[in-house]
1. Could you give every pair whose Cβ atoms fall below 9 Å, whose first residue belongs to region 308-334 and is farther than 13 Å from Gly259 by Cα and of a type in the set (Gly, Ala, Ser), and whose second residue is in a helix (DSSP H, G or I) and modelled with pLDDT under 90, counting only separations of at least 6 or pairs across chains?
2. Among what's in region 171-192 and is in contact with a strand residue (DSSP E or B) (Cβ under 9 Å, 6 or more places away or on another chain) and not in a helix (DSSP H, G or I), pick the residue that is nearest to Glu344 (Cα to Cα).
3. Checking the structure you have, find out if any residue of region 281-291 is modelled with pLDDT of 90 or more, under 25 Å from the mean Cα position of the chain (by Cα) and of a type in the set (D, E, K, R).
4. In region 268-307, which residues are touching a residue at least 60 places away in the same chain (Cβ under 8 Å) and part of a helix (DSSP H, G or I)?
5. Is it the case that Ile134 is more than 23 Å from Ser23 (Cα to Cα), of a type in the set (Val, Ile, Thr) and either free of Cβ contacts under 8 Å to residues at least 60 places away in the same chain or touching a helix residue (DSSP H, G or I) at 6+ places or on another chain (Cβ under 6 Å) (or both)?
Amino acid sequence: MKVYPKIPRHDHPVVPSSFFEASDLRLIEKYDGSSFRFTLYDNRYADTYPERVAEAADGDGSLVFGTRRSIRGSHRDPLGDIDGALHRAVRCLREGIDAAALRSVHDEFEGPIVVYAENLVYSTLDYGYTEREIPALVGFDVLPYAAIETMTPSGNPYEETFEGFLDVGDAWAIFERIRAADVPAELAFEPARIVDRPDPGFDPGAYTFPTSSLADDVRVEGVVVRSDEANRRVKVVREAFAELNRDQFGQRPEAAETGAEYVVATYCTPARIRKQVRELLLEEGREFGLHLNEELYPRVVEDIWAENWRELMDLDVSFTPADVHPLVAERCIAELRTMQTNAELNDTDPTRLWEHLE
């Protein structure tokens, strides 16, 4: 399955100034979750699929799925073999996607298609996952396999266009066809919301962001401006979301203003925190919850020193070790909240989250 092209910001150098003069601009809500894609394995077109998709398929009619860069398996695989962060998405493939309707789409395009969607798991924006019935997957793009062969890789990932992808009308019509009726709302597949159809001359800098289609008390992460005539997608992200994202996941090392912030940004990674959480739960029998942070963050600090002390001694920035502790504690409590919400959302154990994704 084709990896979804990277979408540049509206002010990126690769975006031509003429883009915002296109007559077919559409603003699509940008959702805050994780990348997901799927395709139906159809024996009639067995020679069309790449080897990795064919290997993941469990016979004709399998819905093969993946994250941004990796193929993860088939909807027929046992949930125990699938990363916990994907459980709700896979349940959606099982119940929320009409495979027969998707097969009929193959007839029209004389071959299979790839459906790109957002896996709605808690990342930075909390849409009220534990309080509302939020759909599992939101579709936002479709690519026929026949078009993949015409694509050539670019040296700059942001220079890749969306030539070959279906236009808005055709893609959204497919979303409506393949979404199964009468399924629980939390396992539903829905099309992304088309927020607006602006006139040529749209000004991203003056745009007022609306509330999300998922929650009327949550402002959108941003919007994707797309033009099918120009074969481009451009994102406009509100600055407040970027700040929330930094609070949730920490800042980039190059943005650190102090030595302690640099140490935490570089070494206090989500993977390191989750490793310590798993050890506390699986090896020491602790009970999961936000209270775990009292034991968690000192262990994360200790792990940073134990594994990276040589690098820390040679850093070009100076820092006070005591200043690292409260910053690590903030990162750890944010990660615990994320794990807590996504474990409940996916009906899985917190230790199963992201175990195959790291």
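The values are calculated or read from the model by the stated rules, or taken from the named source; none is laboratory data. What you see is a predicted model; the values in this text were computed from it and never measured. No Cβ is skipped: glycine too gets one built from the backbone with ideal geometry, and neighbour counts run over all protein chains shown.
1. Taking only residues 6 or more apart or on different chains, the pairs are Ala334/Asp247; Ala334/Gln248; Ala334/Phe249.
2. Among those that are in contact with a strand residue (DSSP E or B) (Cβ under 9 Å, 6 or more places away or on another chain) and not in a helix (DSSP H, G or I), it is Ala188.
3. no
4. Of region 268-307, the ones touching a residue at least 60 places away in the same chain (Cβ under 8 Å) are 268, 270-271, 273-274, 277-278, 281-282, 288.
Matches in region 268-307: Pro270, Ala271, Ile273, Arg274, Val277, Arg278, Leu281, Leu282.
5. No.
For (1) assigned by TED's automatic domain parsing to the domain that holds Leu40; (2) in contact with a strand residue (DSSP E or B) (Cβ under 9 Å, 6 or more places away or on another chain); (3) farther than 26 Å from Ser212 by Cα; (4) in a strand (DSSP E or B), each residue gets a yes or a no:
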position: Leu86; (1), (2), (3), (4): yes, yes, no, no
position: Ala89; (1), (2), (3), (4): yes, yes, no, no
position: Cys92; (1), (2), (3), (4): yes, yes, no, no
position: Ser104; (1), (2), (3), (4): yes, no, yes, no
position: Asp107; (1), (2), (3), (4): yes, no, yes, no
position: Gly111; (1), (2), (3), (4): yes, yes, yes, no
position: Val115; (1), (2), (3), (4): yes, yes, no, yes
position: Tyr122; (1), (2), (3), (4): yes, no, no, no
position: Tyr127; (1), (2), (3), (4): yes, no, no, no
